[in-house]
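Here the structure is laid out as structure tokens; the discussion comes afterwards.
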Amino acid sequence: MITDNQKETARKNIKKAQQKWQEMTPRERAIAQPEGRKRAKPGTKGEGDYFRIVLRPKGEFTTFRYHDVGEKGHILRLAGKRSSGSWDTQVWLISKNDAHLEGDTLVADTEDARKLLETLGSKPKHVKGDVFEAKDRPNVPESEKPTEAQKRARVKNIKKAQQAHRARTTKKE
């Protein structure tokens with residue numbers, strides 16, 4: 001059984017703790033928590049709308065900007081700006097409508113998602129929740145350019161331009 005003295009001491013201790021707690025800043029309160037109480041990083045809970053494929057560490061960049069790639073809301077590119085002023089992709093976000101998980105493997109359900117996963121420099125490796133890690137597409141040295149794909153694209157574009165030119169000139173006559 002609890003004595004009156006114990007009850008009174010418990011009340012005083014609670015009052016002291018409440019007073020101390022109210023005097024703390026929000027940061028001090030968070031640090032005082034035994035587990036540290038910090039915000040969960042994006043994608044780690046697995047409850048979001050996107051799978052996140054991290055290509056480069058966040059610390060390499062100073063500012064960030066999202067870009068919709070293709071249809072709105074399906075594939076997003078998170079671009080980061082370096083202190084040097086150059087921009088690069090930090091993260092790709094693929095909608096859960098466009099891909100799904102099979103075990104620890106990310107499998108594309110749409111053509112756009114399939115193309116993105118193929119262009120990555122490595123197969124996305126599952127980290128936690130909806131977060132994956134991969135390497136960006138390989139950097140081709142200038143000495144090896146133009147590549148075969150670039151040559152094919154150039155020829156295709158020239159033929160397209162020639163056809164458009166012919167179509168315009170035949171309409172005028």
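The values are calculated or read from the model by the stated rules, or taken from the named source; none is laboratory data. All values reported here derive from a predicted model rather than from experimental measurement. Reconstructed Cβ throughout: ideal geometry from the backbone, glycine too, with neighbour counts over all protein chains shown.
Data table
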{"read-out": "Residue pairs meeting the criteria (Cβ under 9 Å; at least 6 apart or on separate chains; first β-branched (Val, Ile, Thr), in segment 1-20; second surrounded by 10 or more Cβ atoms within 10 Å (Cβ to Cβ))", "value": "Ile2/Ala10"}
{"read-out": "Meets criteria (over 13 Å from the mean Cα position of the chain (by Cα), touching a residue at least 24 places away in the same chain (Cβ under 8 Å) and part of a strand (DSSP E or B)) for Leu93", "value": "no"}
{"read-out": "Among (1) surrounded by 10 or more Cβ atoms within 10 Å (Cβ to Cβ); (2) assigned to a helix (DSSP H, G or I) - the single one Gly80 does not satisfy", "value": "(2)"}
{"read-out": "Residue that is farthest from the chain's Cα centre (by Cα) [pool: residues in segment 96-116 that are in a strand (DSSP E or B) and surrounded by fewer than 16 Cβ atoms within 10 Å (Cβ to Cβ)]", "value": "Glu102"}
{"read-out": "Single unsatisfied condition, Arg52 versus (1) surrounded by fewer than 13 Cβ atoms within 10 Å (Cβ to Cβ); (2) modelled with pLDDT of 90 or more", "value": "(1)"}
{"read-out": "Flag for Asp136 being surrounded by 11 or more Cβ atoms within 10 Å (Cβ to Cβ), at pLDDT 90 or above and of a type in the set (Asp, Glu)", "value": "no"}
{"read-out": "Residue pairs meeting the criteria (Cβ under 6 Å; at least 6 apart or on separate chains; first within 11 Å of Leu93 (Cα to Cα), in segment 33-58; second among the small types (Gly, Ala, Ser) and at pLDDT 85 or above)", "value": "Gly43/Gly129; Tyr50/Ser95; Phe51/Ala99; Ile53/Ala134"}
{"read-out": "Selection count, segment 14-49, where residues are surrounded by 10 or more Cβ atoms within 10 Å (Cβ to Cβ) and either part of a helix (DSSP H, G or I) or modelled with pLDDT of 90 or more (or both)", "value": "14"}
{"read-out": "Any hit, segment 117-137, residues being assigned by TED's automatic domain parsing to the domain that holds Phe64, of a type outside the set (Ser, Thr, Tyr) and either farther than 28 Å from Phe61 by Cβ or part of a helix (DSSP H, G or I) (or both)", "value": "yes"}
{"read-out": "Residues of segment 62-77 that turn out to be part of a strand (DSSP E or B), surrounded by 13 or more Cβ atoms within 10 Å (Cβ to Cβ) and either at pLDDT below 90 or basic (Lys, Arg) (or both), as a count", "value": "2"}
{"read-out": "Unmet requirement for Arg56, which otherwise passes all of (1) in contact with a helix residue (DSSP H, G or I) (Cβ under 9 Å, 6 or more places away or on another chain); (2) closer than 18 Å to Pro42 by Cβ; (3) basic (Lys, Arg)", "value": "(1)"}
